[in-house]
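The structure under discussion appears below in the form of C-alpha cells.
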Amino acid sequence: MRISDPRIVAKLAEIHVELRKSAALAGLTSLGIGGTTDLLRIKSHESLPDLLNLLDANHVPHKFLGGGSNLLVGDGELPWVVLQLVRPEPDVVLDGNFAHVDAAADLGRMITFCAKNDLGGMEGLIGVPGTVGGALRMNAGAYGMQIGSYVREVKLYRAASRTIEVLRGDQISFEYRHTSFAPDDMMLSVILELPSKSFKVILEGIRICNEKRRSSQPLGQKSAGCIFKNPPGASAGRMIDELGLKGLSVGDARISDRHANFFVNAGHASAKDMLALIADVREQVQKSFGVSLENEVVVWNA
Ligand code: EPU
C-alpha cells in the first residue's frame with residue numbers, strides 16, 4: 001500500500017514520522033519472507049494518537065511491526081502500511097531492581113545489559129530474537145521462565161481508545177504464549193523487576209541455555225522460531241518428528257532437520273510455500289494424533 005497523497009505526506013513530516021516508501025518486509029523479518037509496502041517509522045510515542053487519527057481519517061489500513069522475528073508476512077504488494085517504533089538511546093534505564101525498557105529495545109541486548117548490572121532472571125530468553133515489545137505481547141518463554149513474571153508496568157498505545165495508557169503488571173494476564181493485550185494494542189515501554197544476581201552466576205545460566213538451544217534448534221538459519229504452540233502436555237516438535245516429517249519441503253520452505261517445529265526458509269521461500277507447508281503438517285498431525293495445532297507464529301496474510 002502506498003501513501004501518495006501529498007497532504008498525508010506533509011502531515012507525517014509534521015508529526016515526526018518517517019515515511020519509507022516501498023519497504024521490503026522480507027528484509028525486516030527473521031524468516032526473510034514478505035512483500036512490500038510503505039513503512040512508517042515513529043520517533044516519538046507521543047505522535048501515535050495523531051498518526052492513528054490521520055491514518056483512520058484517510059482510510060489507510062495499518063499493522064504494528066516489532067522485531068519481525070515471530071512473523072510470517074504475505075507475498076507481493078501488501079494491502080496495509082506498517083508502523084514501527086524507532087529505538088531510542090538509551091533504551092534501558094536501571095533504577096535499583098527495576099529496568100525501564102523501551103519496547104523497541106533488542107531483547108538479547110537488554111538481558112545482557114541487565115546482567116552486567118547484576119540483574120538476572122531472564123537467562124532462559126537469551127538467544128530468542130526480537131524486541132522487548134514483541135516478547136511482551138507474546139509472553140515469550142523458554143527453559144521454564146516467561147517474561148510476564150517480571151512485568152511490573154506496561155505503557156501502551158490503545159488503538160480502541162486512541163490513548164496512551166499505563167497498566168500495572170497485575171492488570172495484565174500472561175499465559176503460555178498469550179497475553180490479555182488487544183491485538184491492536186502497541187507496546188511502548190515496560191518496567192521489569194529483576195532479581196539481584198551476580199554477573200558471574202547469570203553468565204553461567206546464559207551459557208547453559210545457549211548450549212541447550214544450540215544443540216536443539218537451527219540457530220543460523222532463517223526461521224520464525226517455533227511454528228506451532230505446544231498443545232497441553234505435548235510437544236508439537238516431537239509429534240512432527242515422530243511422523244518423519246523433518247526435511248519435508250514446499251519450494252524453499254522446509255522443516256528443519258534439527259527441530260521439527262522450526263520451519264526454515266532455505267533459499268527464496270514465499271509465504272505461499274510456507275503456508276502450504278504449515279497447512280500440510282497441521283493436517284497430518286490432526287489425522288495421526290487427533291490434535292489441532294495452533295499457530296505460534298503470527299501470520300499477516302494479505
Ligand atoms: N523433540 C523431538 N524432535 C524434535 C523436536 C523436539 O523429539 O524435532 C522432543 C525433544 O527431544 C524434547 C521435546 O520434544 O523431548 C521438547 O522439545 P524442546 O525441549 O526443544 O522444547 P519444545 O517444546 O519443542 C519449547 C518452546 C521453544 C523453547 C523451548 C525451550 C514452544 C512452542 N516452544 O520448545 O520456544 O525455545 O521449549 O524452552 O513453546 C518459540 O517460542 O518460538 C520456541 C522455539
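Each reported figure results from applying straightforward, stated rules to the coordinates on display, with no laboratory input. This structure is a prediction, so every number in the text was calculated from the model and none was measured. Please note: Cβ atoms are built from the backbone with ideal geometry, for glycine as well, and neighbour counts cover all protein chains shown.
Taking the Cβ-Cβ separation of Arg152 and Glu14 as r and a Förster radius of 30 Å, what is the calculated FRET efficiency to the nearest 0.05? Here the calculated transfer efficiency is 0.30.
Treating only the Cα positions of the chain as identical point scatterers, give the base-10 log of I(q)/I(0) from the Debye formula at each q in 0.08, 0.10 Å⁻¹. At q = 0.08, 0.10 Å⁻¹ the computed log10 ratios are -0.37, -0.58. Spin-label pair Glu204-Glu89: with each label point 7 Å from Cα along the Cα-Cβ axis, the two points sit 3.6 nm from one another. Taking 7 Å steps out from each Cα toward its Cβ at Asp50 and Trp80 produces label points 2.4 nm apart. Computed from backbone phi, the HN-Hα couplings of segment 18-33 come to 7, 9, 9, 6, 6, 7, 8, 5, 4, x, 10, 10, 5, 6, x, 10 Hz, rounded to whole numbers (Karplus: 6.51 cos²θ - 1.76 cosθ + 1.60, θ = phi - 60°; Gly and Pro given as x).
Here the label points at Ser216 and Arg109, each 7 Å from Cα along the C-beta direction, are separated by 2.9 nm in the simple model. Counting neighbouring Cβ atoms within 10 Å and putting the fewest first, the residues Glu242, Glu193 line up as Glu242, Glu193.
As a rough guide to protection, the peptides 200-212, 109-121 ranked by mean Cβ packing within 10 Å, highest first, stand as 109-121, 200-212.
Think of it as helices only: each DSSP H run of n ≥ 4 in the chain is worth -39500 (n - 2.57), and spread over all residues that comes to -8000 deg cm²/dmol at 222 nm.
Computed across segment 1-160, the Kirkwood hydrodynamic radius from all distinct Cα-Cα pairs reaches 17.0 Å. If you plug the beta carbon distance of Arg168 and Lys116 into 1/(1 + (r/R0)^6) with R0 = 22 Å, you get a FRET efficiency near 0.20.
Cross-link partners for Lys222 among the lysines, with Cα-Cα distance under 28 Å and sequence neighbours closer than 8 places in the same chain left out: Lys21, Lys63, Lys212, Lys246, Lys272. Counting only residues at least eight positions apart within a chain, or on another chain, the aspartates and glutamates with an alpha carbon under 14 Å from that of Lys197 are Asp118, Glu123. Using the empirical formula 2.2 N^0.38 Å as the baseline, the Cα radius of gyration of segment 81-236 reaches a ratio of 1.04. Taking θ as phi - 60° and the Karplus parameters 6.51, -1.76 and 1.60, the scalar couplings of segment 90-98 work out to x, 9, 9, 10, 9, 9, x, 8, 9 Hz in sequence order, x denoting glycine and proline.
So, R0 is 41 Å and r is the distance between the beta-carbons of Val299 and Asn58; what FRET efficiency does that work out to, to 0.05? Mind dumping the intermediate values first?
Details: r = 26 Å, r/R0 = 0.64.
Step by step, r from the Cβ atoms, then E = 0.95.
Taking every Cα-Cα distance in segment 1-58 and sorting them into 5 Å bins starting at zero, the pair-distance distribution P(r) comes out as 4, 18, 26, 22, 16, 11, 3, 0 percent. The spacing between segment 106-128 and segment 46-105, judged by their C-alpha centroids, is 22 Å.
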